[in-house]
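So the structure is just underneath, and the comments pick up after that.
The values are calculated or read from the model by the stated rules, or taken from the named source; none is laboratory data. A quick note: this is a predicted structure, and the numbers were derived from the prediction, not measured. FYI the Cβ positions are ideal-geometry reconstructions off the backbone, even for glycines, and counts take in every protein chain you see. Areas reflect the complete protein model, heavy atoms only, side chains present, ligands, DNA and RNA absent. Shrake-Rupley method; radii C 1.70, N 1.55, O 1.52, S 1.80 Å.
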Amino acid sequence: MNKQHLDKIISLCKRKGFVFPNSEIYGGLKASYDYGPLGVELKKLISELWWKEMTRSHQNIVGLDSAIMVHPDVWEASGHIANFNDPMTDNKDNKKRYRIDDLLSRQKSKVIDAICSKLNMENTSNDDIYNDIAQTLLSDGAKSDGVLENAGVIDPYSGSIGKWTSAVQFNLMFKTDSGPSEKTGKSIYLRPETAQGIFINYLLVQNTMRLKVPFGIAQIGKAFRNEIVARNFIFRTREFEQMEMQYFVHPSQDDSSMELWKQKRLDFYLNHLGVKSENLKFHQHNEDALAHYAKDAYDIEYNFPFGWGEVEGIHNRTDFDLKQHEKFSGKNMTYFDTKSQEKYHPYIIETSTGLNRLFLMVLCESYFEDTENNRVVLQLPYELAPIKAVVCPLVKKDGLPEKAMSVFDALNKEFPCVYDEQGSIGKRYYRQDEAGTPFGITLDHQTLEDESVTIRERDSMKQTRVSIDKISTFIHDNK
Ligand code: ATP
């Protein structure tokens, strides 16, 4: 799959009602998207699978829905005000702004070599080098002015060497004001991660549910980051949905718990989302790239049409967050183990994924150009298909539409179906292939004689004659 496929997927998303560009009638808002009728269903199905896997499959993991706007001190304590920054640079010629690591990833290797030699760094030739250079530029301050320009760093927008400003930190949180912030002089921020809502509530959750360490708290909700570069369709947007689970463990159990969750999370992609193992890999963060709170971190990466990209982070956040909240709030954040009589701050193993990125991953994984049959098929697993079956009368006469509608009404109570009587039967099937609908059910003249229908399967295009009262059994057995 290559970059061209992404354009085809974007176009399919719009055509079939999965994802629309936001505010299109006003010329659009960059990197903002709306989810159409099929998109909202697919998003819901992915999040339901995640929720089921992360809460209902575990007796010791519970859910939470915390607020997007929280007390401003939460972000002081979490370190986001001081540390949630991306190093950036502007091209003085055209005022275009770039995240430095992203800008560098789009340069020729000889340019990176030149920068490394100027900064006395070893070129490790892996992706971490871009972030390492960005951090060095920042810490060298004015000393490294001119390094990017002299090394010949090209502005991807203009195609020529940019006049780059020195590296500066850009905070990614969206700031706003609300009632109390005017009194305290402190701004309110839109949360950049759902995790902090879990940390500040963890003792309330633990107490109300009588949980014992180890236990987990899961949450799905919107998060906001003022990303400098938002691109690759819904891969990176400024508003997105996170699905996070924070697992509270005894400090001596952090490494084993990390291993356990790495495996469980990988299994989720393979077994529930139907992703092929060759399209997934782990990437361990090197020490320089670790977030300010993390002791160890792995990303699960997916092979997108534009290259490997992170879909989920699994982090050992240690007791950093709980201790910080204790310090800033003045409230005791320790857990008391009634059995061992031990009082401690649990370590936290975090699994954090983006619903929108999983959505894109699922679409990329299931997009298939069936050149032999001249069609495009979304080979979605049955569980993820927004519509499970299309019901079609072969012709619009002889009572077939009425009969088909009654079949539709009955099946639609069991699973989501659509009714379609427009165009040739081949066209109707192909329309649904692009939407990922696994089954096509057609009523014809034989139906009127013997109450049987044809069921056509999306991927194999196999057709089977089945009696009306056996349709749902057939679908159940062949899904
Ligand atoms: P990246 O390196 O891609 O910016 P990150 O390491 O900052 O991501 P985390 O803070 O670990 O990401 O967030 C966890 C998950 O949230 C990511 O794996 C991703 O699926 C999702 N996510 C993060 N930022 C965005 C975004 N801007 N748009 C969509 N999803 C996002």
Do we find a residue being polar (S, T, N, Q) and under 19 Å from LYS16 (Cβ atoms) anywhere in the stretch 413-423? yes
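A quick yes/no check of all residues on (1) in contact (Cβ under 8 Å) with a residue 12 or more places away in the chain; (2) surrounded by fewer than 16 Cβ atoms within 10 Å (Cβ to Cβ); (3) out of contact with any Phe, Trp or Tyr (no Cβ under 7 Å at 6 or more places or on another chain):
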| residue | (1), (2), (3) |
| --- | --- |
| SER11 | no, yes, yes |
| VAL19 | yes, no, no |
| VAL40 | no, yes, yes |
| LEU49 | yes, no, yes |
| LYS52 | no, yes, yes |
LYS281: in contact with a Ser or Thr (Cβ under 9 Å, 6 or more places away or on another chain), touching a residue at least 24 places away in the same chain (Cβ under 8 Å) and open to solvent by 60 Å² or more (accessible area, probe 1.4 Å), yes or no? no
Any chance the stretch 69-78 includes a residue that's within 25 Å of TRP261 (Cα to Cα), in contact (Cβ under 8 Å) with a residue 12 or more places away in the chain and under 23 Å from the mean Cα position of the chain (by Cα)? yes
Restricting the search to the stretch 25-38, which residues are in a helix (DSSP H, G or I) and either touching a residue at least 24 places away in the same chain (Cβ under 8 Å) or in contact with a Phe, Trp or Tyr (Cβ under 9 Å, 6 or more places away or on another chain) (or both)? PRO37, LEU38
Count of residues meeting criterion [open to solvent by 30 Å² or more (accessible area, probe 1.4 Å), within 12 Å of GLY197 (Cα to Cα) and assigned to a loop (DSSP other than H, G, I, E, B)] in the stretch 54-74: 5
Do the conditions hold for ALA134, that is, is it open to solvent by 70 Å² or more (accessible area, probe 1.4 Å) and modelled with pLDDT under 95? no
Take the residues in the stretch 210-221 that are farther than 14 Å from HIS250 by Cα and under 28 Å from the mean Cα position of the chain (by Cα), then tell me which one is surrounded by the most Cβ atoms within 10 Å (Cβ to Cβ). ILE217
Considering only the stretch 333-387, state which residues are part of a helix (DSSP H, G or I), among the charged types (D, E, K, R) and crowded, with 20+ Cβ neighbours inside 10 Å. ARG357, GLU365
Is it the case that MET245 is closer than 30 Å to ASP337 by Cβ, touching a residue at least 40 places away in the same chain (Cβ under 8 Å), in contact with a strand residue (DSSP E or B) (Cβ under 6 Å, 6 or more places away or on another chain) and within 16 Å of the ligand (Cβ to nearest atom)? yes
Starting from residues that are within 16 Å of the chain's Cα centre (by Cα) and among the aliphatic types (A, V, I, L, M), keep the ones in the stretch 269-312 and report whichever is nearest to the ligand (Cβ to nearest atom). VAL311
Please state which one of ASN232, ASN207, ASN271, ASN286 is in contact with a Phe, Trp or Tyr (Cβ under 6 Å, 6 or more places away or on another chain) and open to solvent by 20 Å² or more (accessible area, probe 1.4 Å). ASN232
Quick one: in the stretch 235-268, of everything that is among the hydroxyl-bearing types (Ser, Thr, Tyr) and crowded, with 21+ Cβ neighbours inside 10 Å, which residue is modelled with the highest pLDDT? TYR247
What do you reckon, is LEU448 touching a residue at least 12 places away in the same chain (Cβ under 8 Å), on the phi < 0 side of the Ramachandran plot and in contact with a Leu (Cβ under 6 Å, 6 or more places away or on another chain)? no
Is it the case that the stretch 398-417 has a residue that's of a type in the set (Val, Ile, Thr) and closer than 20 Å to MET361 by Cα? no
Exactly one of these conditions fails for ARG265: (1) farther than 20 Å from ASN131 by Cα; (2) in contact with a Phe, Trp or Tyr (Cβ under 8 Å, 6 or more places away or on another chain); (3) within 15 Å of the ligand (Cβ to nearest atom). Give me its number. (2)
Among VAL390, VAL407, the single one that is part of a strand (DSSP E or B) and either in contact with a strand residue (DSSP E or B) (Cβ under 8 Å, 6 or more places away or on another chain) or under 15 Å from GLU457 (Cα atoms) (or both) is VAL390
